[in-house]
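The values are calculated or read from the model by the stated rules, or taken from the named source; none is laboratory data. Note that this is a predicted model, so its numbers are computed, not measured. FYI the Cβ positions are ideal-geometry reconstructions off the backbone, even for glycines, and counts take in every protein chain you see. To get the accessible areas, we keep the full protein, side chains included, count just its heavy atoms, and leave off ligands, DNA and RNA. Shrake-Rupley method; radii C 1.70, N 1.55, O 1.52, S 1.80 Å.
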Amino acid sequence: MFSLEPLLISGREVLPIVEGGKGVSVSNGESSGAWAAAGGVGTFSGVNADHLGADGQVVRQVYRGKTRRERHDELIAYAVKGALHQARVARDMAGPNGRIHMNILWEMGGAEPILEAVLEKSQGLIHGVTCGAGMPYKIAEICAKYGAYYYPIISSARAFRALWKRAYHKFSDLLGGVVYEDPWLAGGHNGLSNAEDPRKPEAPLPRVVELRKQMNEFGLTRTPIFMAGGVWRLDEWKDFIGNPDVGPVAFQFGTRPLLTKESPISDAWKQRLLTLKSGDVLLHRFSPTGFYSSAVRNPFLNELEARSARQVAYQMHPVGEHDQPFPVGARGRLVYLAPHDKEHAEAWVREGFTEALRTPDSTLIFVAPDKAEEIHRDQVNCMGCLSACAFSNWQQNEEGTTGKKADPRSFCIQKTLQDISHGADVEAQLMFAGHNAYRFGSDPFYRNGFIPTVKQLVERIATGA
């Protein structure tokens, strides 16, 4: 018989079942409020969340500033309005005893001022903040200022040790938990380090036991670990529950909440999830953040793969084997390719990929004219949604730039996530998902296309299934 005991999280005993905070508008006040009302912990995304206008409709985030800096300021204002709106919706649905968390990305543009403004103005509506995508040292100090618990998302004991030593030991009383996100199984951005092989996944239990040992050394024996990434059925995690080497443990679900009545994603997206097969989620490195990330393989990702495959190295002057002249751009300025690369380049041009775009790595990629125009337009329209963006070369510093050439092998992540979240063709956009998403099609719970309410899903999960 499966038994799941309540756990103290953010000041209340709740089921140790946590909704993951998934990206732009994919986990909102309605989905997180329903999750908390069902007895778990609801988490809405604070990454450029939606807010409503006077007509009750979602206000699309249109940027009117002439400079990146002006658009960046607009982005921060949108983000604060959206997060506050979603916090109020979540609280109204969850009631005063429900536990509501907000998820942000440390590498998102304006993370610090957004978090400060939201916590200051939310008046206790948000009980905890989860934060990953980078090394969020200052999350502890900011949350402590407003009395909110904080939950760093990490993928190794080494990462947590660095955070603890530098900052968290000063604010240990509000460290509500540590989210261990499996870097090979999670959806969205993955925390793979340079020392880890993306093709060789490691079992989570030894890594979590190592994390617990590290936490115990710091006196955090009762601080729970949240398991995230690859969590589907809790009866598959019996080795973690009640295991003294793991200690207090909760489970964070990112992918399964996508397919609920309250989930804000489009019906087309929900139906696409039901058709996925094993291997349909790709671990790739096209994200402008520079991190690995996991998303459904579709024409959007296929085009990015093909774009990078049509790539050759070049030199500005003849050097070694790079002695074949090749004209680039409207003015036909010459660069120099190796003989075999020139053959490839000329073949791609004959196929219609006539535009050669330079990358920061002294290579050229070849794309069709309409794709080149789209890439250029998206780079020009950058609104600084990341702290540093490889695609547009924006960086959140005084200069407003990384100092490197913009990378046309990537894409505008804000644009595609906003589009897919608001009804655009799911095959033409980035569709984040965890690597277990294919199980929607084989799990009997979803037989005949059944889509549960959040309450039904939480009840199902609590049985172990």
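Miscellaneous remarks
- Look at (1) under 19 Å from Glu5 (Cβ atoms); (2) assigned to a loop (DSSP other than H, G, I, E, B); (3) of a type in the set (A, V, I, L, M, F, W, C) and you find that Leu185 fails only one, number (1).
- Those residues of region 272-304 which are over 16 Å from Gly434 (Cβ atoms) and of a type in the set (A, V, I, L, M), in sequence order: Leu304
- Scanning region 177-186 finds no residues that are more than 21 Å from Trp232 (Cβ to Cβ) and surrounded by fewer than 24 Cβ atoms within 10 Å (Cβ to Cβ).
- Search result, residues across region 384-409 that are under 18 Å from the mean Cα position of the chain (by Cα) and open to solvent by 10 Å² or more (accessible area, probe 1.4 Å): Cys385, Leu386, Ser387, Ala388, Cys389, Ala390
- Residue within region 298-305 that is hydrophobic (A, V, I, L, M, F, W, C), part of a loop (DSSP other than H, G, I, E, B) and either crowded, with 18+ Cβ neighbours inside 10 Å or without any contact (Cβ under 8 Å) to a residue 12 or more places away in the chain (or both) present: no
- Scanning region 221-230 for residues that are at pLDDT 95 or above, open to solvent by 10 Å² or more (accessible area, probe 1.4 Å) and either under 22 Å from the mean Cα position of the chain (by Cα) or closer than 12 Å to Leu211 by Cα (or both) yields Thr221, Thr223.
- Scanning region 312-352 for residues that are acidic (Asp, Glu) and either open to solvent by less than 90 Å² (accessible area, probe 1.4 Å) or over 15 Å from Phe366 (Cα atoms) (or both) returns Glu321, Asp323, Asp341, Glu346.
- Qualifying positions in region 146-175 - under 20 Å from Phe291 (Cβ atoms) and either aliphatic (A, V, I, L, M) or part of a loop (DSSP other than H, G, I, E, B) (or both): Ile153, Ile154, Ser155, Ser156, Ala157, Ala159, Ala162, Leu163
- Residue within region 253-262 that is of a type outside the set (Asp, Glu), open to solvent by 20 Å² or more (accessible area, probe 1.4 Å), in contact with a strand residue (DSSP E or B) (Cβ under 7 Å, 6 or more places away or on another chain) and under 26 Å from Gly128 (Cα atoms) present: yes
- Here no strands (runs of 3 or more DSSP E) wholly within region 188-273 include at least 3 residues being of a type in the set (Phe, Trp, Tyr) and in contact with a Pro (Cβ under 9 Å, 6 or more places away or on another chain).
- Condition check for Tyr146: touching a residue at least 12 places away in the same chain (Cβ under 8 Å), open to solvent by less than 10 Å² (accessible area, probe 1.4 Å) and of a type in the set (Ser, Thr, Tyr): no
- The residues of region 428-452 that are assigned to a loop (DSSP other than H, G, I, E, B) and surrounded by 14 or more Cβ atoms within 10 Å (Cβ to Cβ), listed by number, are Gln429, Leu430, Met431, Ala433, Gly434, His435, Asn436, Asp443, Ile451, Pro452.
- Check on Phe286, among the aromatic types (Phe, Trp, Tyr), in contact with a Leu (Cβ under 6 Å, 6 or more places away or on another chain), more than 30 Å from Ile461 (Cβ to Cβ) and part of a strand (DSSP E or B): no
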